[in-house]
Amino acid sequence: MESLQTNTERLYPEIIVDVGTVTFGEENRKKMTNNHLKRTENSKIIQATCALLNSGGGVIKAKINDKTYSYRCHGLGQDLETSFQKLLPSGSQKYLDYMQQGHNLLIFVKSWSPDVFSLPLRICSLRSNLYQRDGTSAINLSASSALELLRQKQSRAQRGRRRVKELQPWKVLDGSIQEEEDMRRFASEFLKKDKLMYKEKLNFTESTHVELKRFTTKKIVPRIREMLPHYISAFANTYGGYLIIGVDDKSKEVFGCKKEKVNPDLLKKEIENCIEKLPTFHFCHEKPKVNFTTKILDVYHKDALYGYVCVVQVEPFCCVVFTEAPDSWIMRNNFVTKLTAEHWIDMMLDIQPAPSSLAPEHSLPLISPASSALRSPSYPMKVLGFKEVLQQRLFPVTREEIQFKPESLCKKLFSDYKELEELMKMQIRPYSQGIVIFSRSWASDIGLRKEQNVLCDALLIAVNSPLVLYTILIHSSATEGPEYARNTAHQLKQKLGTVGGYTGRVCVIPRLMHLPNTQYRPCEVPVHYPQSYKLADEEEMEDLLQALVVVILLCSRSLLSDQLGCEFFNLLIEEQCEMLSESLQETQELFIHCFPGTRKTALAMKIMEKIKDLFHCKPKEILYVCEHDALKNYVAQQTTCQAMTRKTFMQGEFLKIKHIVMDETENFCSMYGDWYEKAKSITHPKVRGAGKKNPHHGVLWLFLDPLQVHHADVSGLPPSSAQFPRKTITKGIHCSLEIAEVMKQEMKKIKENPPSNIFPDTLALFREAVYEETMHAQALPGGVCETKTDLTIEQIATYVAERCHNLFQCGYLPKDIAILCRKGEDRGRYELALLKAMELTETHRATEAVFSQASGVLGSRIILDSIEQFSGLERNIVFGLSPECTLSEETHKLCFASRAIKHLYLLYEKRTVF
């Protein structure tokens, strides 16, 4: 059968498989006299359907043979419906929709999604071609049964079990007892014979271990070649057994194959060749071949050689044996391609394959929606658990008018292009409930190339509508627009299933518009989808938005992914706080060691709220203490509790304070007195005078980063060995994967070459394997980490200004950015150069006083200050400005990284030459 190829004239943003001319309708197909053509048409459609199911969905296009055909009146044809039922036993209506357009019938195929109430089959298959014995039958296993067999074999191999069960010597039992094993024993004895007599009767029958075959056909070898793989696979995949050819299965009489019809040597060679060609898959390391024995027994009739009986003994196989490659297909290089046994098992068991050319269109992962986000180790598992609450926080489905998101980007676009807002309102006028999500380029956000002529993309998600992707072009004459729009729509639709895990019907319809005329492109041909591809209600819309949340978080580098990322990290902190707060009752004094990236200040603030609720105390009874004014002001504005610096704390009296939370204590020093003893005297006052009641014992929790202790000798902290009780939070990484990688490398350097200000037992707390595991569970991909060296101050300023300009164009705001210097005195060195560079690049609001010190972190300006003053604070985007550093100064990279959430730019000056 000729290979099926995708249709290159793509009107739909889908994989379209053209199966050629097909006869449809029950009566028309009954009248077909060419049965081969009928079977070929059926096979083409079924194979294309399976391939699209396994490759993210798509459309099958068939030219209708009968000019008078009507889908509404004539239907498909019973043989086609039966084949669809075999392919999709849970119901083809869950995956397939049909639409007649003129003389073409379109079959819309939804991406495969496994039944959550049964075994999670990651791919769709027509036949597994894995056989097992079931009583006296050889059964082609269903996909679910095949998956059970594969998991069983894989588990045995992983546990290092012996390949097969060793058979024990038979014991002769009481003659009145008969069991299955008797047939195998008699078959083994039968194999030891040298000759047989014509019509001799066997003393055993067929069983799980025995198959009897009598061939009356003249074409014995072709018949054996046809049926042998089924029984070899079945016996090998079960408990082994005997295939005896030349014995009647009903009478159990020996007939043999007449000597004139078969050459015993050639027959034996044909059987060996056939078995050696069977596809096998190994889970074990030994990788043995199928173990079998072939024996030809002479059959005599009245002392003359009459013919031959052939016995094939098959040993149980350690792994699995196929009759042929499974009947399962994917799209590869624009063709419908049958999977090999190896790739089929890789996909069934979700075994991560080595890089290969075997991948569906657009290099999308071959994975089902239900478990796709679990496939790559770079996909944080927590995203799946938080997708619903993230959707409700950022994309709530309301009954109010259509919302435009994200607000800052929309404000920027509508300000720069006055007609754009009205244009979009005209497009969404028919819809009353939904969201339009803008991006400078949805293509760039999901890994495709951005087109320069694209002003922006806007994705409409609304009830009673399919998804629509509006692409607004700057110039209407551009020719790349249609292809860009179709590719972006198709890639986005695929990722909603393969990454986002969306299991419903989904399409993304591209719409091209351009400024300033705000018209659709005249060359655009409208596309139509079945009604089932519209979002029917709020519940479907929420499900799709949750899938989009996962796609944005895991596949996108954009303003929206950063906003979702910050919310995601906030949820992680809330979860961490819940676990940590369980210690409040029994551990009232506690040292909490937090590694860089834990965002311990946010954790400390949430702990204060927990203290207030748990002990039913007033906010004025809880005190927060830190080192710097900037952090103190930030916490004071974010909580209702009292906040002050260590210096102020040492100068005051606190008669009403019951609980103290001390943050950033790695920055503390013993100047102004022993702050630790004073805090203990407040929360754990000593009893004075006989007969007095024990005073209230409050909470004293101290948060510190043990890898960034500044004044180890004079910090005022107890020695590390005395910091007990203690909890160490190693599993808390609340930043991008790229920034977490920087911190990991820096912590490794510190551990290998520890500075004098870090306690030795602290270094043992950092374990690279645990940290990497946490990275893969919590850190988000899609961040930015760039390092530039050997720059002048002017080059640094230009780099920062250009980056800021680009970020503002994408909707980021000045309040998202912090520019941090190594030392406080460096601020003045950079400020004038930065202002000048921003004016030259026409950076947004450059004419205003754009910089603020760390104390203005809650304001709307860019922060320009030192690392020290910004301690305990963070912003989404951090520029770290530094002179050329030596090895002894490398810890500043860790300081910069721990203050960034998604973007980190490290810029180093040229080394000064004296």
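Sticking with the crude label model, points 7 Å out along Cα→Cβ, report the distance from LYS450 to LEU858 in nm, one decimal please.
Computed distance between label sites LYS450 and LEU858 equals 3.4 nm.
Suppose the chain between GLN531 and LEU832 were pulled fully straight at 0.36 nm per residue; how much longer would it get relative to their current alpha carbon spacing? Before the final figure, lay out each step's value.
On the way: separation 301, 0.36 × 301 = 108.36 nm, distance 6.03 nm.
Fully extending the segment from GLN531 to LEU832 adds 102.3 nm.
So how tilted is helix 629-638 from the main axis of the chain? Cα-based, degrees 0 to 90, rounded to 10.
Here the helix axis deviates by roughly 60 degrees.
Starting from the Cα of LYS620, step 7 Å toward the Cβ, then list every residue of the stretch 640-659 with an amide N under 15 Å from that point.
Counting backbone N atoms under 15 Å from the label point, the list is 640-643, 653-659.
Classify the stretch 382-559: rounded, prolate or oblate, from the alpha-carbon gyration tensor (a ≥ b ≥ c, eigenvalue square roots; a/c under 1.5 rounded; otherwise prolate if a/b is larger than b/c)?
Judged from the Cα gyration tensor, the stretch 382-559 comes out rounded (a/c under 1.5).
How high is the relative contact order of the stretch 541-644? Use alpha-carbon pairs under 8 Å, at least six apart in sequence, and give a whole percent.
Working: 59 pairs, mean separation 17.9, N = 104.
Normalised by residue count, the contact order of the stretch 541-644 is 17 percent.
With a cut-off of 8 Å between alpha carbons and a minimum separation of six or more residues, what is the relative contact order of the chain in percent? Write down the numbers at each step before the final one.
Numbers: 1749 pairs, mean separation 80.7, N = 914.
Over the chain, the number comes to 9 percent.
Compute the distance in nm between two label points, each set 7 Å from the Cα along the Cα-to-Cβ direction, one at HIS285 and one at ASP629.
Those two pseudo-labels are separated by 6.6 nm.
Nearest 10 degrees is fine. How inclined is helix 538-555 to the longest principal axis of the chain, computing both from alpha carbons?
Approximately 80 degrees, to the nearest 10.
Per the Cauchy relation, a quarter of the hull surface: what is the mean projected area of the convex hull of the alpha carbons in the chain, in nm²?
Values: hull surface 220.9 nm².
Projected over every direction and averaged, the Cα hull of the chain covers 55.2 nm².
In the stretch 77-131, which chymotrypsin sites (Phe, Trp or Tyr not before Pro) are in a loop and have at most 14 other Cβ atoms within 10 Å, using DSSP for the loop call?
On the way: sites: PHE84, TYR95, TYR98, PHE108, TRP112, PHE117, TYR131; in loops: TYR95, TRP112, PHE117.
The qualifying sites are PHE117.
Does the stretch 400-446 come out rounded, prolate or oblate, given a ≥ b ≥ c as the square roots of the eigenvalues of its C-alpha gyration tensor, rounded meaning a/c under 1.5 and, failing that, prolate meaning a/b above b/c?
Working: a/c = 1.80, a/b = 1.26, b/c = 1.43.
In terms of gyration-tensor shape, oblate.
How do the peptides 258-271, 34-47, 493-506 rank, highest first, by the average count of neighbouring beta carbon atoms within 10 Å per residue?
Highest mean packing first, the order is 493-506, 34-47, 258-271.
Among DSSP bridges having both ends in the stretch 1-106, what percentage is antiparallel? Round to the nearest 5.
Numbers: 8 of 13 bridges.
If we restrict to bridges inside the stretch 1-106, about 60 percent are antiparallel.
Please list, in order, the residues from the stretch 820-844 whose amide nitrogen is less than 20 Å from a point placed 7 Å along the Cα→Cβ vector of LYS910.
829-834, 837
Over 26 Å between Cα atoms: which of LYS606/LYS686; LYS731/LYS823; LYS382/LYS493; LYS86/LYS213 fall into that group? It would help to have the intermediate numbers written out before the result.
Numbers: LYS606/LYS686 29 Å; LYS731/LYS823 30 Å; LYS382/LYS493 23 Å; LYS86/LYS213 29 Å.
Violating the 26 Å limit, Cα to Cα: LYS606/LYS686; LYS731/LYS823; LYS86/LYS213.
Would you calculate the separation in nanometres between label points at SER756 and GLU825, each defined as 7 Å from the Cα along the Cα-to-beta-carbon direction?
With each label placed 7 Å out from Cα toward Cβ, I get 2.2 nm.
Cα axis of helix 180-191 to longest principal axis of the chain: angle in degrees, 0 to 90, nearest 10?
60
Using 0.36 nm per residue, how much length does the chain from VAL714 to ARG393 gain when fully extended, once their Cα-Cα distance is taken away? Could the numbers behind the result be given before it?
Working: separation 321, 0.36 × 321 = 115.56 nm, distance 4.49 nm.
Residue separation times 0.36 nm, minus the Cα-Cα distance, leaves 111.1 nm.
Give the residues of the stretch 805-820 whose amide nitrogen is closer than 12 Å to a point set 7 Å from the Cα of GLN637 in the direction of its Cβ.
815
What is the extension gain from LYS258 to GLN651, computed as 0.36 nm multiplied by their sequence separation minus the C-alpha to C-alpha distance, in nm to one decimal? Don't skip to the answer; put the middle values down first.
Details: separation 393, 0.36 × 393 = 141.48 nm, distance 11.16 nm.
Full extension of this stretch gives 130.3 nm more.
Fewest to most neighbouring Cβ within 10 Å: what's the order for PHE292, PHE870?
Ascending Cβ contact count within 10 Å gives the list PHE292, PHE870.
Between the stretch 191-255 and the stretch 96-111, how far is it from one alpha carbon centroid to the other, in angstrom?
Rounded to whole Å, the Cα centres lie 48 Å apart.
What's the ranking of 893-905, 756-768, 791-803 by average number of surrounding C-beta atoms within 10 Å, highest first? The partial results should precede the final answer.
On the way: 893-905: 24.5, 756-768: 14.2, 791-803: 18.5.
The most tightly packed comes first, giving 893-905, 791-803, 756-768.
If R0 is 41 Å, what FRET efficiency do you get for SER142 and LYS195 from their C-beta distance, rounded to 0.05? Write out the running numbers ahead of the final one.
Numbers: r = 43 Å, r/R0 = 1.04.
Efficiency, from the Cβ-Cβ distance: 0.45.
So if R0 is 56 Å, what FRET efficiency would ASP613 and SER251 give, r being the distance between their Cβ atoms, rounded to the nearest 0.05? Present the calculation step by step, with values, prior to reporting the outcome.
Numbers: r = 84 Å, r/R0 = 1.51.
Calculated value: 0.10.
Treat the count of other C-beta atoms within 10 Å as a stand-in for reagent exposure and order SER113, SER188 from fewest to most.
Values: SER113 23, SER188 14.
Going from least to most buried by this count: SER188, SER113.
Please report the antiparallel percentage of DSSP beta bridges with both residues in the chain, rounded to the nearest 5. Before the final figure, lay out the partial values.
Numbers: 61 of 128 bridges.
Percent antiparallel among DSSP bridges in the chain is about 50.
Most exposed first by the Cβ proxy, i.e. fewest other Cβ within 10 Å, how do PHE668, PHE235, PHE190 rank? Walk me through the numbers on the way to the answer.
Details: PHE668 24, PHE235 30, PHE190 21.
By the 10 Å Cβ count, ascending, the order reads PHE190, PHE668, PHE235.
When ranked by the protection proxy of mean other Cβ atoms within 10 Å per residue, highest first, what sequence do the peptides 241-250, 149-158 form?
Numbers: 241-250: 21.6, 149-158: 15.8.
Packing proxy ranking, top to bottom: 241-250, 149-158.
Are there any trypsin sites (Lys or Arg not before Pro) in the stretch 390-427 that are in a DSSP loop and have at most 11 other Cβ atoms within 10 Å? List them by number. Before the final figure, lay out each step's value.
Details: sites: ARG393, ARG399, LYS411, LYS412, LYS418, LYS425; in loops: ARG399.
Answer in residue order: ARG399.
Just want to confirm a number: the relative contact order over the stretch 685-839, from Cα pairs under 8 angstrom separated by 6+ residues, in percent. Could you put the intermediate results ahead of the total?
On the way: 97 pairs, mean separation 36.5, N = 155.
24 percent.
FYI, it's all coordinate maths here, none of it is from the lab. Just so we're clear, the structure is a prediction, and the values are computed from it rather than from any experiment. No Cβ is skipped: glycine too gets one built from the backbone with ideal geometry, and neighbour counts run over all protein chains shown.
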